[in-house]
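Every read-out reported here was derived from the displayed coordinates using simple, explicitly stated rules and does not represent laboratory data. This is a predicted model, so every value here is computed, not measured. Note that we place each Cβ from the backbone using ideal geometry, even for glycine, and neighbour counts take in every protein chain shown.
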Amino acid sequence: MTRVHAYAAPSEAAPLEKTVIDRRELGPHDVLIDIAFAGICHSDIHTVRGDWGPQKYPLAPGHEIAGTVSAVGSDVTRHSVGDRVGVGCMVNSCGECRNCQRGDEQFCTNGTILTYGSVDRDGSVTQGGYSEQVVVTESFVVRIPEGIELDAAAPLLCAGITTYSPLRHWNVGPGSRVAVVGLGGLGHMAVQIAHALGAEVTVLSQTLTKRDDGLRLGADHYYATSDRETFRNLRSSFDVILNTVSAVVDLRSYLSLLDVGGSMVCVGAPAEPLPVQVMSLIGGRRSLAGSNIGGIQETQEMLDFGAEHGIAAEVEVIPASQINEAYERVLASDVRYRFVIDGSTFAD
């Protein structure tokens, strides 16, 4: 084992604190990555605070990892020392089930091994990117194109693929009418991607505070959901609604905005259940769906697409000592649009 500096939550009720964690020794198919930047995702907060179930502590979160390869195992062929690489929400899967074979490792029927909080093959609990280094199987490491800076690339490993995957799955392209609910960490990525895919993009946000940002990022229209006229005026207007917020929303009101045959896809995950009236679906042959991240191949596709179209996260880089403050600001929606931790500060 190799010990590295990290920040971890000692319990669900305690702030994250500086510590050291163990990284396994480099195996023949492993890649050692020096972490340059690690994004802070809303799901990090939900997880370490036990909102989605009990965890094993101490737990170092972080599944938006960007850095450079510092060593490779003897049988590694995909990556070389010095490569710019990233790691997202998962670090392994069985590789044999039907889902893995078709490139949907995130749905591995034998259990995806998540970047943090999962039981790894050696029985240890995986620890995430809030740390100096990470060791990952080569097939779960993606290449970061030269056209994307590492700090801006880190959030793409979760926020980027979380929004790219459903937009591709629901065949968004020229002629599609897409609404993005919320202009936060996920939403600001969704707007850029949907615009680049050729869709007509509308942002639905509580207020018009971020309207100028939304239009700059590629939105064609921007409406405040606090104005009830919005729901009356936009009834039956969209083919796809991508709900990016991690809070309870009035599904009935949003479903009314779908045209016949439209789909509302939830990628934000609130801790509380979302009630739905079935007649809201039946009345317009509408669908309510959810989407996870994408597989490794699709994640690489997303990064290449982002480099081609100039898509990247807008970030505020912070030292590791400000993680707890950043958590509170995320919960207060006080970030535009993603906090990214400077990996060189974990040892400070």
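With +1 on the Cβ of every Lys and Arg and -1 on the Cβ of every Asp and Glu, and nothing else charged, how large is the dipole of the stretch 160-290 about its Cα centre, in debye rounded to the nearest 20? Working shown, then result.
Values: 11 positive and 10 negative charges, 38 e Å.
That gives a dipole near 180 debye.
Compute, for the chain, the length of the dipole vector about the Cα centre, with Cβ point charges of +1 (Lys, Arg) and -1 (Asp, Glu) only. Units Debye, rounded to 20.
Values: 26 positive and 42 negative charges, 219 e Å.
The dipole magnitude comes to about 1060 debye.
Net charge near Ser321: determine it from the other residues with C-beta under 12 Å of the C-beta of Ser321, scoring Lys and Arg +1 and Asp and Glu -1. Don't skip to the answer; put the middle values down first.
Values: positive: Lys18; negative: Glu17, Glu325, Asp342, Asp348.
Here the charged neighbours net out to -3.
Just how far, in whole angstrom, is the stretch 270-347 from the stretch 179-244 if you go by their alpha carbon centroids?
So the separation of the two Cα centres works out to 15 Å.
Quick check: residue separation of Val248 and Ala71 times 0.36 nm, minus the Cα distance between them. What number comes out in nm? All intermediate terms of the calculation are to be shown ahead of the outcome.
Values: separation 177, 0.36 × 177 = 63.72 nm, distance 4.43 nm.
Roughly 59.3 nm would be gained on extension.
Can you put Phe107, Phe305, Phe37 in order of Cβ neighbours within 10 angstrom, beginning with the fewest? Don't jump to the answer; show the numbers that get you there.
On the way: Phe107 15, Phe305 18, Phe37 24.
Ranked by crowding around the Cβ, least crowded first: Phe107, Phe305, Phe37.
Just grab the label-to-label distance for Met279 and Ser333, each label 7 Å out from Cα along the Cβ direction, in nm (one decimal).
Each label point is offset 7 Å from its Cα along the Cβ direction, giving 3.0 nm.
Can you show me the helix-derived [θ] at 222 nm for the chain, built from DSSP H runs with n ≥ 4 at -39,500 (n - 2.57) apiece and divided by the number of residues, rounded to the nearest 500. Don't jump to the answer; show the numbers that get you there.
Details: 11 runs with 81 residues, N = 348.
Computed ellipticity for the chain at 222 nm equals -6000 deg cm²/dmol.
Treating only the Cβ of Lys, Arg, Asp and Glu as charged (+1, +1, -1, -1), what charge dipole size does the stretch 5-63 show about its Cα centre? Round to the nearest 20 debye. Please report the intermediate quantities before stating the final value.
Details: 5 positive and 8 negative charges, 17 e Å.
Result for the stretch 5-63 is approximately 80 debye, rounded to the nearest 20.
By how many nm would the segment from Val317 to Glu146 lengthen if fully extended, with 0.36 nm per residue of separation less the alpha-carbon distance?
Values: separation 171, 0.36 × 171 = 61.56 nm, distance 1.96 nm.
Extra length available between Val317 and Glu146 comes to 59.6 nm.
Got a sec? Charge dipole of the stretch 160-290, +1 on Cβ for Lys and Arg, -1 for Asp and Glu; which of Met189, Ile282, Leu257 is way out at the positive end?
Ile282
Can you sort Tyr222, Tyr57 so the residue with the fewest Cβ neighbours within 10 Å comes first?
Details: Tyr222 20, Tyr57 15.
The fewest-first ordering by Cβ neighbours comes to Tyr57, Tyr222.
Starting from 0.36 nm per residue, how many nanometres of slack lie between Ser226 and Ala269 once their C-alpha separation is accounted for?
Working: separation 43, 0.36 × 43 = 15.48 nm, distance 2.10 nm.
Gain in length upon complete extension: 13.4 nm.
What ranking of Ser291, Ser131, Ser80 emerges when the number of other C-beta atoms within 10 Å of each C-beta is taken as an exposure proxy, fewest first?
Working: Ser291 18, Ser131 28, Ser80 11.
By the 10 Å Cβ count, ascending, the order reads Ser80, Ser291, Ser131.
When Lys and Arg each count +1 and Asp and Glu each count -1, what net charge do the other residues less than 15 Å away from Cys108, Cβ to Cβ, add up to?
Working: positive: Arg98, Arg102, Arg121; negative: Glu96, Asp104, Glu105, Asp120, Glu298.
Net charge around Cys108: -2.
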